[in-house]
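Notes follow once the structure below has been shown.
Laboratory data are not the source of any read-out in this text; all were calculated from the coordinates shown. It should be emphasised that the depicted structure is a prediction, and the values quoted were computed from it without experimental measurement. A quick note on method: Cβ atoms are made from the backbone with ideal geometry, for glycine too, and the neighbour counts reach across all protein chains shown.
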Amino acid sequence: MDKIKIIECPRDAMQGIKDFIPTSEKVKYIQSLLSVGFDTIDFGSFVSPKAIPQMVDTALVLEQLELSETKTKLLAIVANLRGANDACQHPEINYLGYPFSISENFQMRNTHKTISQSVDILKDILEVATKTNKQVVAYLSMGFGNPYGDPWNVEIVGKWTETLHELGIKILSLSDTIGSSNPEIIDYLFSHLIPKYPDIEFGAHLHTTPTSWFEKVDAAFKAGCRRFDGAVQGFGGCPMAKDELTGNMPTEKLLNYFKEQNVSHVLDDKAFDVAFKSASNIFSQYH
């Protein structure tokens, strides 16, 4: 029986919604997810309110979460040293997530920094994380392709993986930011990178259309990936994706796949059903 880590991403699901979701509603939803048994919940972000207004209340949400009965760890996204310092004020947070794009265009769109500047920022974030007993999860965005005309190939992905490894990154999630991956590229990258860097925990942050989820999960799993990001019902996803049907990997699809593959996980089915209904309530009200 293979063991799997499932990371639930309500932050990714909520951050693009224009209507502000009240803090109390976010707390209620994330609290339901904390009962499921996910390894980690990507629950919020410490970034500019102008960039992501939906996440302006991340610290308030954190204050109101009841964490005494859960083993689930918390991850917050940061985009610069100021955000990392803010996140590190909260001992409840275990992981700082940093979006590192190998597309110059996307890095500028996402964090208003060049790739070279992002390397320096990541060094600073790693330093402050170490001092506060937190780990950094790096997301290699545009990891499976590039729609902006920047150079992209598997060798470039390998080069930046090597750079991040040298910086000390221990958890690296390859991100299919706009749903552009295919099974061949997914298989190639994971099957080559995982054996080459045994001290890195590789993850798959796959965005997908409703018809292509299976082939992507299947390719990543069979290539050795054991860490998967999902969002209940596939809500969210990159707003820059060209196909409006492209969303986050639906967590319930992941669970169905792992069940068919006889893969063990520690998620509570009844608690997941409650969280699933809670997601329906929230995402039907706010758009």
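A few points about this structure:
- Straight-distance crosslink candidates among lysines, where the alpha carbon sits under 19 Å from Lys26 and sequence neighbours closer than 8 are dropped: Lys18, Lys73, Lys277
- Exposure proxy ranking, count of Cβ atoms within 10 Å, fewest first, for Lys216, Lys28: Lys28, Lys216
- Residue of Gly37, Gly149, Gly203 that the Gaussian network model of the chain assigns the largest fluctuation, springs spanning Cα pairs under 10 Å: Gly149
- Along the axis of the charge dipole computed for the chain (Cβ charges of +1 for Lys and Arg, -1 for Asp and Glu, origin at the Cα centre), the listed residues His90, Thr209, Thr161 are led at the positive end by His90.
- Near Ala271: Cβ cut-off under 12 Å, other residues only, Lys/Arg at +1 and Asp/Glu at -1. The net charge is -3.
- Fully extending the segment from Glu69 to Val263 would add 67.3 nm, taking 0.36 nm per residue of separation and subtracting the current Cα-Cα distance.
- Entry for Cα extents along the principal axes in Å (calculated from the structure that is shown) out of [x] 53, 42, 36; [y] 44, 43, 35; [z] 75, 45, 26: [y]
- Within-15-Å neighbourhood charge of Lys131 [Cβ basis; K, R +1; D, E -1]: -1
- Dividing the summed helix terms, -39500 (n - 2.57) for each DSSP H run of n ≥ 4, by the number of residues in the chain produces a 222 nm estimate of -13000 deg cm²/dmol to the nearest 500.
- Global geometry of region 1-135, whether rounded, prolate or oblate, following the gyration tensor of its Cα atoms and the 1.5 cut on a/c: prolate
- Take the Cα of Ser280, go 7 Å toward its beta carbon, and the backbone nitrogen atoms of region 252-273 under 16 Å from that spot belong to 252-253, 270-273.
- This model, with +1 at the C-beta of Lys and Arg and -1 at the C-beta of Asp and Glu, gives region 5-285 a dipole about its Cα centre of some 240 debye.
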